[in-house]
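What follows is a single structure, written as structure tokens, with notes after it.
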Amino acid sequence: MDQYYNYLKSLHLIFVITWFVGLFNIVRLFVYQIEAADKPSPEKEILQKQFKIMTYRMWYIITWPSAVLASIFAFWMLLFTELGHAWLQMPWMHIKLGFVFVLYLYHAKCHQIFKQLQNNQVNYTSNFMRLWNEGATIILFAVVFLVILKNAFNWIYGVIGIILFSVLIMLGFKFYKKIRERNQS
């Protein structure tokens with residue numbers, strides 16, 4: 001099975017990429033759906049109908065299949081190869097798997113929001129969704145740095161880096177929000 005490890009790793013990486021593409025885009029579509037709810041008729045109904053179709057396709061044709069396939073190839077690598085067994089003994093892998101668990105929670109919450117919006121239940125603002133979209137970005141950064149740097153990674157600096165990156169994202173969001181408000185006036 002180890003002879004196929006690089007094929008498994010390649011397929012895993014491809015589906016991780018498409019999973020994140022789906023997560024980034026689905027939340028952006030949530031923003032548009034929420035903003036469409038504030039439009040006057042008939043624009044509101046036309047946009048909502050179109051965004052429902054787009055989110056449905058993004059969620060069930062790209063995001064969910066990618067999440068499932070990325071997970072299958074990851075578990076296959078970890079459980080059925082010697083290198084996977086070795087990696088399960090390493091501390092950086094435990095932390096990475098913790099971030100992957102958070103990614104599953106993020107995905108589950110996105111699914112809940114998807115279902116609500118498909119039923120015309122708007123429970124969040126478009127600004128909340130813009131911030132929510134950055135959650136996947138933070139998880140992606142953390143996992144990539146863990147995988148690339150592995151044991152060379154100083155955990156203290158890593159945590160500080162993720163916190164600083166999150167603060168930068170929040171500051172960027174506030175700056176963008178002010179620009180949007182100024183342009184709408």
Expressed in angstrom and ordered largest first, the alpha-carbon extents of the chain along the principal axes are 60, 35, 21
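First compute the accessible area of the range 50-185 with a 1.4 Å probe, then give the percent of it belonging to carbon and sulfur atoms.
Whole-percent figure for carbon plus sulfur exposure: 71.
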For the range 48-100, place one equal point scatterer on every Cα, skip the solvent, and apply the Debye formula. What is log10 of I(q)/I(0) at q = 0.22, 0.31 Å⁻¹?
-0.81, -1.10
If every Lys and Arg gets +1 and every Asp and Glu gets -1 at its Cβ, then about the Cα centre the range 91-182 yields a dipole, in debye to the nearest 20, of 260
In Å, what Rg and Dmax follow from the Cα atoms of the range 30-133?
18.3, 60
Kindly provide the Kirkwood hydrodynamic radius of the range 1-56 in Å, to one decimal, from all pairs of distinct alpha carbon atoms.
13.5
GNM on the chain, C-alpha springs below 10 Å: top fluctuator among I113, I62, I46?
I46
What accessible area per residue, rounded to a whole number of Å², is obtained for the chain using a probe radius of 1.4 Å?
61
With +1 at each Lys and Arg Cβ and -1 at each Asp and Glu Cβ, the charge dipole magnitude of the chain around its Cα centre, to the nearest 20 debye, comes out at 520
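The values are calculated or read from the model by the stated rules, or taken from the named source; none is laboratory data. As the structure is a prediction and not an experimental result, all values here were calculated from the model. Ideal geometry is used to build each Cβ from the backbone, glycine not excepted, and the neighbour counts take in all protein chains shown. Quick note on the areas: whole protein, heavy atoms, side chains included, nothing else; ligands and nucleic acids left out. Shrake-Rupley method; radii C 1.70, N 1.55, O 1.52, S 1.80 Å.
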